[in-house]
Structures are given as structure tokens and as C-alpha cells.
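Take a look at the structure set out below.
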Amino acid sequence: MTRVRTPRPHLYLGIGAVWVAALAWFAPRLWSLMALADSPVEAIALGFFVLFVPLAWLYGLYNVGMFVAAAVYRRRRIPKESDPAPVHDLPPVALLYTTYNDFVEASALSCLGQDYHAFHLYLLDDSTEERARERVDAFAEGHAGRVTVVRRPDREGFKAGNLNHALSGVAHEPVFALVDADEVLPPDFLSRTVPRLVGDPGCGFVQANHESNPDTRGALPLAMGIGIDIHWRWYQPLRNDYGFVMLLGHGAVVRREAWEAVGGFPPLVSEDLAFALRLREQGWRGYFAEDVVCYEDFPDSVRAFRVRHMKWTRGTTEFLHRETGRLLRARKVSWTEKMDILFPTLGLPLSLFWFLYLLDANLVLGMMFGARQDLTLEVGGAAFTLPTWGLNEGFSSLHTADFLVITLLTFSAPVLIFLADLWRQPGDLARFLSKSTVLYASLGPISFVGVASYLLSGRATFLVTGDRGTRPASRSILDGVRRFLTNPHPDLHLLQFFEVAIGLTFAVGSVVFFQPSTFGLALAFLAMPVLHHLNWDHPAARRLIHVPFTLIVAGILMGVVGAMGLQTIFFGYGFHF
């Protein structure tokens, strides 16, 4: 029978050792740049660059370490886990299906299609739209005796409050399962996860694997769903042996005894991660069941994708703000598990500093320490001179082969799993990287606003990805500014205007400094508010989505070969957190 194990520290010891070695090798050259500063402002700009670059390297090495460990793990493990040993007297299970204006009948039917001997489906309906509530009620009436609709008077505590309300009031089964509104469970989901849970007294929850829904028809899910499959397949199983198994809020079975011991789900936007941390404090660990596969939908539009990202950004920042002290003080949580929580969760809040770094490295340093470098192009015997701007000779110590290697390693680290998984289908790989570049590289401004707004307001809001309602228009300019600073939503026009302004700023800077990669990034920034209002398969969108990737790759190649005697500025040293 599978039993949860204490994680081994080898992965994080290796990452730390390589990073320390990189610092010892490169830090003197980085620190020597501070001698170029002639004013406090220049010292601040250089200091931020000098401090952030090693942090980008650390995250690059983290991704490389995860990739290498996952590759080794995939070779050594048994390809398919055997079913758990039979456990007698399996308990009844409460299937808790949460919905907020996004009820999906196929998902609810998959809950009723379980081959388990005893379960009941609870529809925890927080919907505010009458049509959505009617659909929930109609489904329950059609399956009377097997389905109970649970509603509450308010949405206090977001999803956590919804779950706690049901578990405290109507759902008293000793085991419960968490199901998202768009999730499709396999028929044997309960029969294969519950025995693993109840058969191991040290297991607080079993988290199932996920793949993108094969029945999806949207252009965006069809294009990007493969990223879900690869991410789950490579990174999550590793955590059974080398890290912290996270409760991901859906597709999981949980021991009610554990829920009671920690006082329920914490009223945070990232209630799943906070709950898993509290369980670990009480001595339980989670287990990731790689061989039990549920299906989930990728957001069906760029707007929904942006809504989800804003929820994740602000929710993760809230988690770190409220839970980091608890995490660091937790005696039953090993330092390996603490690292495995902090690395991925810090990535989203650090996007604030990544965005500032892009401004610093691509624009500010060039203006402060740049010098005119005319560029001559010859086409068909005709010569053209372009007035460009490049960094002065004081930065020449960074234009070396070893700096280029660690830069490219840092830049490519997040996509190594996709390269390894799709290299046999180069066409599919190129299309996926091209489309994911415009989708993910463009998140810099919205991530910055999400983190900054939480720091200003101290609160996060649970945004529902599948909720198709639009936000009410701002009543005045001041109201729009207030919402932008404290509770931004991707529908907010001021946020979209901010993205356009940032994109235009980077576009101008990329022309002045002749940086194709930065121009590609600028186009991605500009594309986001446009794609927010267009379907992914719109003719204009189909043309636009490939341009940023092409320019970014061109800029990287230009830096590698040193074409035309140019030195790239520092886009390559950045890292998309």
C-alpha cells in the first residue's frame, strides 16, 4: 500500500550549490558595475540590476533542477502505479461541487457516474444569476435523492466559506471530494483515491492528476491545453519524494478528521494551499496520485485567462503575506517542503520586481549609460544608417561567453519540459511556444498591477474564471482610479490603457536601442488588451500571436552571433516569473 514519505532534500541542495557557485563566479563582475554610478539615482538603477540578475539565475536554476529531477524520476519510477490494496469498510463520500454562475452539466454528471458504493453529490451554489440558479435546480430535480443543492446567505470567505458552510451544515460524510465547476471526473475516481486515503493514517488528502479536457471545442483551449498536460505530468509526481504535495483545490479527496483538526478551510483566495500547510503542521501529508486522471478546461478566452491570472496573482500574494510566518515557524514542515512551497508561490508576487527589472534593464540603464552607435545596413548594394543607442564600454565585462550561457539557460529554463516533451513534433512545439509566448510574456503589466494593488489594499478577491459577467463601469474617473489601485479586474478600461501605455513605451525604447526581443515583448503587451476583446481564432488574432515569439527569438539569435557588432542590452537576463 502506498504511504506518504518524508521528502528527500537532494533537489534543493543541488539547486543551492549550483547557485552559490554561479554567484562566486559572476558576482565580482556584476558588482564592478557599481563603479559606473555618478549619482544616487544611477546607483539605485545599477544596484537593482545587480541584485535582481542573481535572483533571476536562482529561478532559472530552480526550473533546470526541477526539469532534471523530473526527467530522472520519470525514468526510475514504475510507469503506472498499481491499484491500492483492498480496504474493507470504505466510508461514504461527499462530493462537493462548487459553482458560481458557471455550472457545467457534464461535470456534475461525471460526479454521479462514480462506480463507488456510497456517495452523495452536493451542489454548493453561490450563483448570483437567476438563469444559473435555475440550471442547478433543474439538475438536482432530475436526480432527486442523489443530489442536494446547498446555498448560503452571503459569499463570505469565498470558496473556503462555501466549503466550510456545507461541511458544517449538511455534508457530514467522513471523506469529502473537491470538484470544480468545469472538472470531469473519471468513473473510478473515488474507488481509486479513497482506499489510498483511508489506508494510510498519515495521509490527509489524495490529489489526483489532471489533463486538459479532450471534449473542448474552443480555439484557445485546443491550442494551450497541452501545456496543462505537460506541466502536471512532469512536475507534480516529483513532489511525492522531493517536495511538498499541494492541495490544488479540485480533483482531490480529503479526510474530514483532518479538516476538523485544522478548523476548516482558511478564508483566503488560495484556501487550498493554506489548508495543505495547516494539515502538514498537524502531521498529515498529501499524496499525488499520478495514475488517476481528471479533466479540466483551459480558459476558453483570453479574458477568462486574464481573470484567472489576476485571481492567482493577488491570491498568492495574500497567501505569502498572511502565511509565510506560519510556514517558517512550522516545526513539522521540513526545510525541503518549505522551499518547495516558497519557490513556486513567490514567483507570482516577484513578477512586480520582474516588471520593474524589465523597465530598468531595457530602458533606464540605456538612457543613463548609453552612447550613440550608428548602425549601417546594406541591402542590395544600398547602405542605410540608423541612429541607435547602446550601452557604454563599462558593461563590456558582461559581454562574455559564460554570461551568455547562463543568460540563455535562465531564459529557456521555464520551457525545458515543453522542449523535452514535444521535440519529436517540431511543428507542434513551435506553434505552442509561439502562442504561449504572446499569452504568458504579455502578463507583465497585469501581474505588476495585481501585486501592487494587493500591497495597497491588503486584500484579495476571489475572481471566478468561468463567470462571464462583465464588471460594472466606473462611475467616475476617481472611481476608476480607486478600483485600479485597490481591486483591479481585467475588464477595467484603465488597466487596459495601462497595458497599452507600457507597450508603447517599450516599443519606442526597443527602436531606439535596436532590440528586436524587446520589440516583441512590447507587441505582446499591446496584444493583451486587444485579445481581451477578440476570439482567439479571429483572423487578426491569428496573425498577431506569432509576431512576438518571432521577434524575441530573432533578438536572442542576434545576441548569440553578435550580428552587426551589436551588444544586446539585458532583456535576455530577465525571467518570466
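The values are calculated or read from the model by the stated rules, or taken from the named source; none is laboratory data. Every value quoted in this text rests on a predicted model; they were computed, and no experiment measured them. A quick note on method: Cβ atoms are made from the backbone with ideal geometry, for glycine too, and the neighbour counts reach across all protein chains shown. Note: accessible area is taken over every heavy atom of the protein model, side chains too, but ligands, DNA and RNA are not part of it. Shrake-Rupley method; radii C 1.70, N 1.55, O 1.52, S 1.80 Å.
Restricted to region 241-263, and to residues there that are more than 17 Å from Pro201 (Cβ to Cβ) and either in contact with a Phe, Trp or Tyr (Cβ under 7 Å, 6 or more places away or on another chain) or not in a loop (DSSP other than H, G, I, E, B) (or both), the residue that is most open to solvent (accessible area, probe 1.4 Å) is Tyr242. The requirement of being closer than 25 Å to Ala541 by Cα and of a type in the set (A, V, I, L, M) is satisfied by Met224. The residue list Pro195, Pro266, Pro187 contains one member that is out of contact with any helix residue (DSSP H, G or I) (no Cβ under 6 Å at 6 or more places or on another chain), in a loop (DSSP other than H, G, I, E, B), farther than 30 Å from Leu416 by Cβ and not basic (Lys, Arg), which is Pro187. Taken as a whole, the structure leaves Val179 outside the set of residues that are out of contact with any Gly (no Cβ under 8 Å at 6 or more places or on another chain) and either open to solvent by 10 Å² or more (accessible area, probe 1.4 Å) or at pLDDT 90 or above (or both).
Being under 30 Å from Met528 (Cα atoms), of a type outside the set (A, V, I, L, M, F, W, C) and open to solvent by 40 Å² or more (accessible area, probe 1.4 Å) narrows it down to one residue among Pro267, Pro344; which is it?
Pro344 is the lone residue from the list that is under 30 Å from Met528 (Cα atoms), of a type outside the set (A, V, I, L, M, F, W, C) and open to solvent by 40 Å² or more (accessible area, probe 1.4 Å).
Scan region 130-165 for residues that are hydrophobic (A, V, I, L, M, F, W, C) and either in contact with a Ser or Thr (Cβ under 9 Å, 6 or more places away or on another chain) or farther than 25 Å from Ala274 by Cβ (or both) and jot them down. Ala132, Val136, Ala138, Phe139, Ala140, Ala144, Val147, Val149, Phe158, Leu163 - these are the residues of region 130-165 that are hydrophobic (A, V, I, L, M, F, W, C) and either in contact with a Ser or Thr (Cβ under 9 Å, 6 or more places away or on another chain) or farther than 25 Å from Ala274 by Cβ (or both).
Within region 215-229, residues that are surrounded by fewer than 19 Cβ atoms within 10 Å (Cβ to Cβ) reach partners that are at pLDDT below 90 and of a type in the set (S, T, N, Q) with beta carbons closer than 8 Å, at six or more positions or on different chains, in the pairs Ala219/Asn535; Leu222/Thr216.
In region 458-569, counting only helices (runs of 4 or more DSSP H) that sit wholly within it, the ones holding 1 or more residues that are more than 19 Å from Leu363 (Cβ to Cβ), modelled with pLDDT of 85 or more and touching an Asp or Glu at 6+ places or on another chain (Cβ under 9 Å) span 516-531.
Reported count of residues in region 139-188, each being under 13 Å from Tyr97 (Cβ atoms) and touching a residue at least 60 places away in the same chain (Cβ under 8 Å), is 15.
Would it be correct to say that Phe432 is buried (at least 19 other Cβ atoms within 10 Å of the Cβ), of a type in the set (Phe, Trp, Tyr) and either outside any helix (DSSP H, G or I) or over 19 Å from the mean Cα position of the chain (by Cα) (or both)?
So Phe432 fails the test.
The condition of being surrounded by 15 or more Cβ atoms within 10 Å (Cβ to Cβ), modelled with pLDDT under 95 and at negative phi holds for Pro84. So Leu90 clears everything in (1) surrounded by fewer than 20 Cβ atoms within 10 Å (Cβ to Cβ); (2) closer than 26 Å to Val269 by Cβ; (3) at pLDDT below 95 except one condition, right? Which one? Of everything listed in (1) surrounded by fewer than 20 Cβ atoms within 10 Å (Cβ to Cβ); (2) closer than 26 Å to Val269 by Cβ; (3) at pLDDT below 95, Leu90 misses just condition (2). Would you check if Leu320 is touching a Ser or Thr at 6+ places or on another chain (Cβ under 8 Å), of a type in the set (A, V, I, L, M) and at negative phi? Here the answer is yes, as Leu320 does meet what is asked.
Look through region 293-331, keep the residues that are in a loop (DSSP other than H, G, I, E, B) and in contact with a Gly (Cβ under 6 Å, 6 or more places away or on another chain), and return whichever of them is nearest to Gln282 (Cα to Cα).
So in region 293-331, the residues in a loop (DSSP other than H, G, I, E, B) come out as 297-301, 330-331.
Right, trim to in contact with a Gly (Cβ under 6 Å, 6 or more places away or on another chain) and you get 298, 300.
On the way: Phe298: 34, Asp300: 39 Å.
Selected residue: Phe298.
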